[in-house]
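Here the structure is laid out as C-alpha cells; the discussion comes afterwards.
FYI, it's all coordinate maths here, none of it is from the lab. Keep in mind that this is a model prediction, so the values were computed, not measured. Note that we place each Cβ from the backbone using ideal geometry, even for glycine, and neighbour counts take in every protein chain shown.
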Amino acid sequence: MAVCVAVIAKENYPLYIRSIPTENELKFHYMVHTSLDVVDEKISAMGKALVDQRELYLGLLYPTEDYKVYGYVTNSKVKFVMVVDSSNTALRDNEIRSMFRKLHNSYTDVMCNPFYNPGDRIQSRAFDSMVTSMMIQVLSRAPCCRAGEALWA
Amino acid sequence: MSPTQWDFPVELCCRPMAFVTLTGLDVVYNAVHRAVWDAFCANRRADRVPISFKVLPGDHEYPKCRPKRTSYEWYIPKGILKTGWMNKHLNLVPALVVVFYELDWDEPQWKEKQSECATRVEIVRQSLQGRNTKVAVVLIQKKTPLPPGEDVTASERAAALCNACELSGKSLFVLPHTDHLVGYIIRLENAFYEHAQTYYYTEIRRVKSHKEFLNKTTHQLLFVRHQFKIAFFSELKQDTQNALKNYRTAYNLVHELRAHETNILEIKTMAGFINYKASVTYPNPDPLETQTGVLDFYGQRSWRQGILSFDLSDPEKEKVGILAIQLKERSVVHSEIIITLLSNAVAQFKKYKCPRMKSHLMVQMGEEYYYAKDYTKALKLLDYVMCDYRSEGWWTLLTSILTTALKCSYLMAQLKDYITYSLELLGRASTLKDDQKSRIEKNLINVLMNESPDPEPDCDVLAVKTAQKLWSDRVSLAGSGVFTIGVQDFVPFVQCKAKFHAPSFHVDVPVRFDIYLKADCPHPIRFSKLCVSFNNQEYNQFCVIEEATKASEVLENLTQGKMCLVPGKTRKFLFKFVAKTEDVGKKIEITSVDLVLGHETGRCVVLNWQGGGGDAASSQEALQASRSFKRRPKLPDNELHWDSIVIQASTMIISRVPNISVHLRHDPPALTNEMYCLVVTVESHEKTRIRDVKLTAGLKPGQDANLTQKTHVSLHGTELCDESYPALLTDIPVGDLHPGEQLEKMLYVRCGTVGSRMFLVYVSYLINTTIEDKEIVCKCHKDETVTIETVFPFDVAVKFVSTKFEHLERVYADIPFLLMTDLLSASPWALTIVSSELQLAPSMTPVDQLESQVDKVVLQTGESASECFCLQCPSVGNVEGGVATGHYIISWKRTSAMGNVPVISTAVTLPHVIVENIPLHVNADLPSFGRVRESLPVRYHLQNKTSLVQDVEISVEPSDAFMFSGLKQIRLRILPGTEQEMLYNFYPLMAGYQQLPSLNVNLLRFPHFTNQLLRRFIPTSIFVKPQGRLVDDTSIAAA
C-alpha cells in the first residue's frame, strides 16, 4: 500500500525511513522532510487547548503528481509519514487510518523494549517486518487495481 | 518548435470583447466618415463599453458557416479545441454588422436612396448566411433632427426604410453630423453593445442546445469543447460570473477525460488554458503578447494531428517526430527556465512559511545551477541550506547535498570548500559507502600534500578538464596556505573532547587534562600538531604536541606513532601545566583546540574546535548517550568508550590546602554589652616556616546589617569599645611561625543586642613550595566560624508599693511610696554587681538617702538582688501616660573576669507612674508596738489637700482588744491646706497581733473617699507585747 514509511522524532530528525527499493530513495527522503512543514502547521493550528481531544491522524498532507503523503502525530510529537502511490485509488481514508494505527502499535512495541533508547534510530526486526508487510501489500494488490482500471475503461 | 511554445497563445490571453464591424465608412477619403470612425476609436477608456470595432467594406466576405449538424450520432471529435476557434470569434465573426449610409429625411431622391440602402443591407445579410449576426443601419445626416413626433415625414420615411431593409425599428439609428458627435457616438455604441450581447446570448443558447445530442463515451472531448465555448461566449458577453462558472465546469470535465501517454499533453495543455482562463477571468483578463501557434488543436503532436487512436499508426514517423522535438529541445536553456520557476517557488514557500519546502527547492535550484555549470551560484545555494538539514539531522539528504557541493568545489578548484566538504563527507554523519569515503580521503591527503585530487565521478568531461588545469595551477603555487576551519558548525571526521581531570585544582599541584580524539574516516590519518588555547594565553605554550615530520612521511607509518589517529579508536593525549598563583580563585577555560592536518610548511588544514570540542551533532549524541541504559562492552585497558567521555572544558584554580590548626576558646554565651573574650590559637603543622601570618576576625560578613552596627571587635580588653570600633578586624599581622610553633591572640567582642551571631576567624599565610621543579609562593588560608549567642545578663523587675508594702497601681501626690527593684541573674556565669544607682527624674524626690544596697553582691545563676527606695511625687496634674520615674543603673562584670576588665553599666529605664491627688490625707503617729495594760498614745493627722473647706465626720469603732479614750464620734471642719490633729489613748488588753480600733472618716463633699482608701495610709493593727515580768520598778509601780 505504501511506497515509503517514515518515523520522525519529536526534534524532526528521522528515526526510521524506508521506501520501496525500486525508486530513488533520496526523492522520498525529500518528500518526507518537506511534508514536515505541513505537519508543523497542522500541529500549531490545532492549538494547545485541544491537545487531549485532538485526533492523531492528520490526513492528507499534500498530493503530488505521482504520490499522496499522509501524516500522523502521536501525543509525544513523534510523526509518522506515509507516501502512497496516487494511482492507487483503492486506498481510502479508512485504510490509511488503520495502517497508521498499525504503525503506531508497532512503534509502541518498539518503545516498550527496555533495550531501546528513545531517540535512537529504530532497528527492530518486528517493526521492519511490519513495515515490509505494509509495502508488500502494494505489490500484491497492484495487478488487481489494474484490472479494475481496465474494467472501468 | 519555438522556445515560446509553452507560452499561452495571444487569443487566450487577450480580454475578449464584443466584435462589431462597421461597413459603409470611407475612412480614407471622406472627412465626415473619418471623424465618425475616430470618435469610435479615440478615448476608449474603461467608461466606454467593451467593443472591438473594425471597419470593413460592405461586401466583405465573412467566414462561411458550416452546415449545421443535425445529429452527433456518427460524429467523432478529433480534438478538444480547434486552434482557430477563439480567433474566429474574436476577430472574424462579428456580433453585429453596422451599415453606415448618408441619408437625410428630406432627401429629394428618397426612393432611389432607400433601395440602395436596402441593397447594401442585403449584401451583408448574404455574406452572413447561417449566422445569427445582427445587422443595424445608421443614417448619417447633415441636419439636426427634430424632437420625435414633430417631424411627420421623418417617422413615415423611417418606417418605410425599415420595411425595405427588413429591419426592426430598434436597428435603425440616426447620426446627425453636428457638434455633438462624440455624445451621439457613445449613445450608438451602447445600443450596439446591447445588440452584441443579445447575439452572444443566442450563441450560448445554441451551443447549449447541442448538449442533449452528446453521449459520454464518444463525445467526451465535445463536453469540454462546448463548455469552453459557452464560457468564452460568456466572456465576450462580459458576463464574468458565468464565464468563471463555465470554465470551472470545463476544468472538471477535463479531469474526467481518459488520459493516455499519447494525449496527455493535449489534456494538460487544455487544462492549463482553462485553468488560466478561470484564474484571469476574475476580475480582468491580462493581455500577453506572443506568436500564435500553427496547430489545429492545442497540445497535439504536429505529426499526428486529429488522430485519436492510442495505437501509434506509424512508429517510424513517431520516432522521427520525437527525435525532431528532442533536437529542438536542446536549443532551449531549460535550466534557466527551471531556475526562474524554482526561485519563484522559493519566494512563494518562504512567504507561506514552509522552510523545508523552501530548502528543498533551493537544493533543486543549486543542482540546476550545477547542471547549468554555474558552480559559484550552485555552491552558494547549497551551502546556505546545508545547515538546515544538518541541524535537523537528515544525514542522507545532507550527504547528497555535500556530494554535489564537493563536485562544485572540485570543478572550481576551491581549496577551502573542497577540504571542508571532504571533512564532513568523511565524518560520521555522512551516509556514503566506505569505498566512496576511501576515495575522498585519498583525495584529501593528496590535496594536503599539495597534489591534485582525482576528479569527482559523474562530472561533465569538459568541466573536469578545466578543473584539472585549475588544480595544477594551484599546485604550482606551492605553500598556498594554512586553512583554518571552524568545525563546531558541522560534523567533521575527527571528533574531539577535552576533559580536565577535576573541576578544581589546588595551586600547588599541576593542572591535568586530556584531549580525546577519534577519527571516523576509513583509513588512519596522521596529524602534525595538536594545540590547546586557554582564556589565559600564557598556558598555551605548555599544551602543544608537535612532531617534526616531513610532508612526504604523511602516508608512511600510519598505524604507529602518537601522531596518528586510527579509525574508530579513541586516542587520549594527556597535558599538564602548573597554574599561576595569580590565577587562584579564577577559572581556567579551554577556549579552543586546534588539530593540524598536513604540514605547516606545505599545505595544511587546521581543525578548530571552539571550547572543549564537540560539533554540530555531538550534543544530541551526548544526550542520547546519557539516556541510554545500555551496558557498554568491556574494552582493554587504557581504552575508553567515546560516548562515556563528558566534556569538561573549564576548571577552577583554588588555593593550597592549609596545614595549620586554628582553635577558638571562649565561654558562651556572651552577655549584652560585655567585652566578650575569644582566644584564638594558631598552630603551624607545616614542614617549613610560614610567613606573613595574618588574622582577620570579627563578625562574618553577609549577615543582618543591623548586627554590624551593634557588634564591635577590639584587641584590647581593658577598655570598652564604642561605636567607632569595626565589626571585623582585617589583616592583623601576627608575624611568622616556625614548624610546630603556636600563637595565641585574644579578641574582645562587644555585642549590643541579644541574638546569635556568626564570627569568622580567618588566618592567611605565605609558604614557599616546589612543584614540578618550580618554586612558587603559595598563599594559604584557613578559616573557622563560630556562632555565639548573646543574652541579657539579668532581668530587672520594678514595682511601686505603698509604705505599707501594698501594691500600688498609682501613687498619690505628696504621699511617700516605695520603689522596689528586683535584679534576677540570667547569666550562666556568676555576676558581680559592682554598684547600682538610681537616677531620679526631676519630678521625683527622694524621701531619704538613695544609697545602693547591693554593692559588691555576687549573683549566681537564678539568684536575685532587690533594692527599695522611698520616694515622693508632688502633684503634677493630669499627665497622659504618667510621670517619668528615672533610670536604674547597674554596674557589673563577670565574677571570673580579671581586675583590668572594665565594669559594664547597664541602664534600665524605670516605668512611668500615674500620680493622683487625694482630698484628705490621714497619717497616724503611733509607736511601733504596744504592751498590755500600758497606754498607747495614737495621734491621727488629717490634712486637707484641697482648696475647699472640708466637712469631716470621724468615728472610732471599738475593738475587743483595746480600751481607748478620745473623741468617739465627731463632726468637724478642716480649712484648706490645714491639718487637724486627733489624739487617742489606746489601752491594749490582750497581747499579740491585734486589730486597732478602726478610724472611719467620711467626707461629705467627696463621697468616693472611702475607708478602704484610708486603710492604705494608716495602720489597722499593731503588735502588743505581753506584760513584762522582768521590767524595771517604775513600770511595776505604774501597774
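A compact table of results
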item: Column: log10 I(q)/I(0), Debye, Cα scatterers of the stretch B:794-916, q = 0.09, 0.16 Å⁻¹; result: -0.28, -0.76
item: Radius, Kirkwood style, for the stretch B:19-167 when every pair of distinct Cα atoms is counted (Å); result: 17.9 Å
item: Cα-based convex hull, the stretch B:920-1025, per residue volume (Å³, whole number); result: 83 Å³
item: Cα principal axis extents for chain B, largest first, Å; result: 197, 110, 54
item: Estimated distance in nm for a label pair at residue B:621 and residue B:652, the labels positioned 7 Å out from Cα along Cα-to-Cβ; result: 3.1 nm
item: Distant alpha-carbon pairs in the protein assembly as shown (separation over 47 angstrom), percent; result: 68 percent
item: log10 of Debye I(q)/I(0), alpha-carbon scatterers only, for the stretch B:334-478 at 0.13, 0.15, 0.19 Å⁻¹; result: -0.59, -0.76, -1.12
item: FRET efficiency estimate (nearest 0.05) - Cβ-Cβ, residue B:172 to residue B:208, R0 25 angstrom; result: 0.20
item: Shape box of the stretch A:2-125 [Cα atoms, principal axes, largest first, Å]; result: 38, 36, 24
item: Gap separating the Cα centres of the stretch B:406-472 and the stretch B:91-114, nearest whole Å; result: 85 Å
item: Exposure proxy order (Cβ contacts within 10 Å, fewest to most) of B:179, A:37, A:66; result: B:179, A:66, A:37
item: Formal net charge of residues neighbouring residue B:664 (Cβ-Cβ distance under 15 Å; K, R +1; D, E -1); result: -1
item: The stretch B:631-718: relative contact order in percent, alpha carbon pairs under 8 Å with at least 6 residues between; result: 21 percent
item: Bridge type composition, the protein assembly as shown - antiparallel percent by DSSP, nearest 5; result: 80 percent
item: Check: the stretch A:2-125 dipole with +1 on Lys, Arg Cβ and -1 on Asp, Glu Cβ, in debye; result: 360 debye
item: Per-residue Cβ neighbour rank within 10 angstrom, fewest leading, B:821, B:396, B:133, B:240; result: B:240, B:396, B:821, B:133
item: Counted charge near residue B:866, where neighbours are those whose Cβ lies closer than 12 Å (Asp, Glu -1; Lys, Arg +1); result: -2
item: On Cα atoms only, tilt of B:375-391 relative to the major axis of chain B in degrees; result: 40 degrees
item: Chain B - percent relative contact order, Cα under 8 Å, separation 6 or more; result: 6 percent
item: Degrees between helix B:264-280 axis and first principal axis of chain B (Cα, 0 to 90, nearest 10); result: 60 degrees
item: Ascending count of other beta-carbon atoms within 10 Å, so fewest first, for B:1022, B:771; result: B:771, B:1022
item: Cβ-Cβ FRET estimate between residue B:66 and residue A:92, R0 fixed at 35 Å, reported to 0.05; result: 0.15
item: Approximate spin-label separation residue B:449-residue B:978, in nm, with each point projected 7 Å along Cα-to-Cβ; result: 14.4 nm
item: Net dipole in debye of the protein assembly as shown [+1 Lys, Arg Cβ; -1 Asp, Glu Cβ; about Cα centre; nearest 20]; result: 4480 debye
item: Segment residue B:971-residue B:600, extension gain: residue separation times 0.36 nm, minus the distance between their alpha carbons; result: 120.2 nm
item: Table column - 3J(HN,Hα) (Hz), the stretch B:618-624, Karplus curve with 6.51, -1.76, 1.60, x for Gly and Pro; result: 6, 5, 5, 5, 5, 4, 5
item: MRE, 222 nm, helices only [DSSP H, n ≥ 4, -39500 (n - 2.57), over chain B, to nearest 500]; result: -9000 deg cm²/dmol
item: Relative contact order of the stretch B:90-232, pairs being alpha-carbon contacts under 8 Å that are 6 or more residues apart, as %; result: 27 percent
item: Label-point separation in nm, residue B:864 to residue B:78, each point 7 Å along Cα→Cβ; result: 13.5 nm
item: Theoretical gain in end-to-end length, residue B:259 to residue B:336 [0.36 nm per residue, Cα-Cα removed]; result: 24.7 nm
item: Charge-dipole axis of the stretch B:334-478 as Lys and Arg at +1 and Asp and Glu at -1 on Cβ define it, positive-most pick from B:427, B:477, B:457; result: B:427
item: With eigenvalues of the C-alpha gyration tensor scaled by 5 and rooted, the stretch B:660-787, Å; result: 31, 14, 12
item: C-alpha long axis of helix B:355-371 to longest principal axis of chain B, angle in °; result: 50 degrees
item: Dipole magnitude of the stretch B:837-908, debye to nearest 20 (Cβ charges: Lys/Arg +1, Asp/Glu -1, about Cα centre); result: 300 debye
item: Difference of contour (0.36 nm per residue) and Cα-Cα distance, residue B:661 to residue B:59; result: 203.6 nm
item: Local electrostatic count at residue B:615 - Lys and Arg +1, Asp and Glu -1, tallied over other residues with Cβ under 15 Å; result: -2
